[in-house]
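Trainee: Structure provided below as structure tokens; questions to follow.
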Amino acid sequence: MTTNLKIASVLLMTLLAGSAASLRAQPADPAHDHGASGGVPAGPVQPIPLPPKSPFQFDTIIHDWGKIGDDKAVTFDFTFKNTSAKTVKILDVKASCGCTGVTADRTIEPGANGKISVTFNPAGRNGREIKTVNVTLDDPDCPLIQLTTVAEVLKRIIIEPGSVGFGELPYGRGGAQEFTIAGRAEGFAVTGAQLGPGTPFKLEPVGQDTVESSGQKLPRFRYRVTMDPSAAIGMHSGAITASTTDPSMPSINVSIFAVVVGNVRVSPDRFPIRMTGQTEPFVSEVMLASPTGKPFDVLGVTVEANDILRAVADLIPVDPKAKVAYRLRVSGTTPPTAGEVRGVVKVRTSDPDQAEITIPLTALFMAPQNAPAVKPLPGQK
């Protein structure tokens, strides 16, 4: 590996560290099904048993809705009896997911019956779903009871993947991605699909086959989306509108997104300035770097912002000989009053594909909390 590429690789790892952290897979929620098979193991679900000193005796603490569609919410009432000799209050009921709503009788006298109603909204879900409801009581011997619901959601129309994402594409390379649309309605078909105007994407049908889902063979329609290699550097998005024979969902949308990157990467992508003091110095910095290790020169920098900031730019080469990375620093003075200032920093480079790079500058200046009263000038009341 050349010295330039080594420097660029180290810098790129540093630049992307924050972005990578946000893109890492989040810890799996065992009660939440995300995929076609739900990511939840098949087989019986073992709920947490009632505590030995529970004042409530439930008819059941688990409910299985079985196979349900994704277009209608379902509700089940967990009924119980207060078998203790004291009045018990339900202080709180909380579901493990925002797709599940819960209502409950709050004060249960000795010997009285009560119910906790659980409503599950399967919209946008597919596969096995396991949800829990935590019931908090005012009973010190039994402060918490957990209820469980199970469902196998049969998504009416399955789009895989749910959106077409190209990620980052080097300028001039282009790319291609495929997606499929399958449906459960009898005689399901996609009768047409088209892209919105003004995008660098192209859509074409690939063919039709079948796919098995929850024991049912579904007709599936395949499409390919290609990205124009000449697409400009920056973010691009679009939407596909598909028409179907399903009367419940005659039209569906599929989103597309891509980021075309050049030889010069800016990180972060803007100058963020956020301060509470007035007429104080500020500094904000970004990094210009080549992820490929290809050298480039910065020919000039211009700050276009409100004169009140008195902002200036300083360019600091990370390695003057390698010319693969530069620190670009903007400094100035905060205004005497709170408010927002927007501007841009324009960078001219020797890279033919990025002769000029525009970096947004957003400055938010807030009045400090509990700021002391301003003393009047001499001669003023």
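The values are calculated or read from the model by the stated rules, or taken from the named source; none is laboratory data. Bear in mind that the values here come from a model prediction, so they are computed numbers and not experimental data. Positions of Cβ are backbone-derived with ideal geometry, glycine not excepted, and every protein chain shown enters the neighbour counts.
Trainee: Among the residues of region 358-371, are any at pLDDT 85 or above and part of a loop (DSSP other than H, G, I, E, B)? Step through it out loud before you land on a result.
Mentor: Going through region 358-371, the residues at pLDDT 85 or above turn out to be 358-362.
From what's left, part of a loop (DSSP other than H, G, I, E, B): none.
Checked region 358-371: no residue is at pLDDT 85 or above and part of a loop (DSSP other than H, G, I, E, B).
Trainee: For region 261-288, enumerate the residues that are exposed (fewer than 13 other Cβ atoms within 10 Å of the Cβ) and either touching a Pro at 6+ places or on another chain (Cβ under 7 Å) or in a strand (DSSP E or B) (or both).
Mentor: Listed by number, the residues that qualify are Arg274, Thr279, Pro281, Val283.
Trainee: Across region 313-339, what is the total count of residues that are surrounded by 13 or more Cβ atoms within 10 Å (Cβ to Cβ) and either among the acidic types (Asp, Glu) or not assigned by TED's automatic domain parsing to the domain that holds Asp297 (or both)?
Mentor: Total meeting the criteria: 1.
Trainee: OK, next. If you go through region 131-156, how many residues are modelled with pLDDT under 95 and within 22 Å of the chain's Cα centre (by Cα)?
Mentor: Of the residues in region 131-156, 1 are modelled with pLDDT under 95 and within 22 Å of the chain's Cα centre (by Cα).
Trainee: Can you pull out the residues in region 115-131 that are assigned to a strand (DSSP E or B) and surrounded by fewer than 19 Cβ atoms within 10 Å (Cβ to Cβ)? Step through it out loud before you land on a result.
Mentor: The first filter runs over region 115-131 and keeps only residues assigned to a strand (DSSP E or B), leaving 115-120, 127-131.
Within region 115-131, Lys115, Ser117, Thr119 qualify.
Trainee: In region 177-206, what residues are under 24 Å from Val259 (Cα atoms), buried (at least 17 other Cβ atoms within 10 Å of the Cβ) and either in contact with an Asp or Glu (Cβ under 8 Å, 6 or more places away or on another chain) or basic (Lys, Arg) (or both)?
Mentor: Listed by number, the residues that qualify are Phe179, Thr180, Pro200, Phe201.
Trainee: Any idea which of (1) polar (S, T, N, Q); (2) within 30 Å of Tyr171 (Cα to Cα); (3) crowded, with 18+ Cβ neighbours inside 10 Å is the one Asn253 doesn't satisfy?
Mentor: Every listed condition holds for Asn253 apart from (3).
So that you can scan it fast, the table gives a plain yes or no per residue for (1) among the charged types (D, E, K, R); (2) surrounded by fewer than 20 Cβ atoms within 10 Å (Cβ to Cβ); (3) farther than 30 Å from Gln216 by Cβ:
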{"site": "Val135", "(1), (2), (3)": "no, no, yes"}
{"site": "Pro140", "(1), (2), (3)": "no, yes, yes"}
{"site": "Ile145", "(1), (2), (3)": "no, no, yes"}
{"site": "Ala151", "(1), (2), (3)": "no, no, no"}
{"site": "Ser163", "(1), (2), (3)": "no, yes, no"}
{"site": "Gly172", "(1), (2), (3)": "no, yes, yes"}
{"site": "Gly175", "(1), (2), (3)": "no, yes, yes"}
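Trainee: Kindly evaluate Lys217 against the criterion of being surrounded by fewer than 12 Cβ atoms within 10 Å (Cβ to Cβ) and part of a strand (DSSP E or B). I'd like the intermediate steps shown before the answer.
Mentor: Details: surrounded by fewer than 12 Cβ atoms within 10 Å (Cβ to Cβ): yes; part of a strand (DSSP E or B): yes.
Against the criterion (surrounded by fewer than 12 Cβ atoms within 10 Å (Cβ to Cβ) and part of a strand (DSSP E or B)), Lys217 qualifies.
Trainee: Which condition from (1) modelled with pLDDT under 95; (2) farther than 14 Å from Ala239 by Cα; (3) not aliphatic (A, V, I, L, M) is the one that Gly196 breaks?
Mentor: Against the list (1) modelled with pLDDT under 95; (2) farther than 14 Å from Ala239 by Cα; (3) not aliphatic (A, V, I, L, M), Gly196 comes up short only on (2).
Trainee: Filter region 306-331 down to the residues that are under 20 Å from Ser290 (Cα atoms), more than 34 Å from the chain's Cα centre (by Cα) and assigned to a loop (DSSP other than H, G, I, E, B) and list them by number.
Mentor: Asp319, Pro320, Lys321, Ala322, Lys323
Trainee: With (1) surrounded by fewer than 20 Cβ atoms within 10 Å (Cβ to Cβ); (2) at pLDDT below 90 as the list, and Pro291 as the residue in question, which single condition is left unmet?
Mentor: Among (1) surrounded by fewer than 20 Cβ atoms within 10 Å (Cβ to Cβ); (2) at pLDDT below 90, Pro291 violates only (1).
Trainee: Another question, then. Go through region 268-305 and count every residue that is under 27 Å from the mean Cα position of the chain (by Cα) and closer than 12 Å to Tyr326 by Cβ.
Mentor: 5
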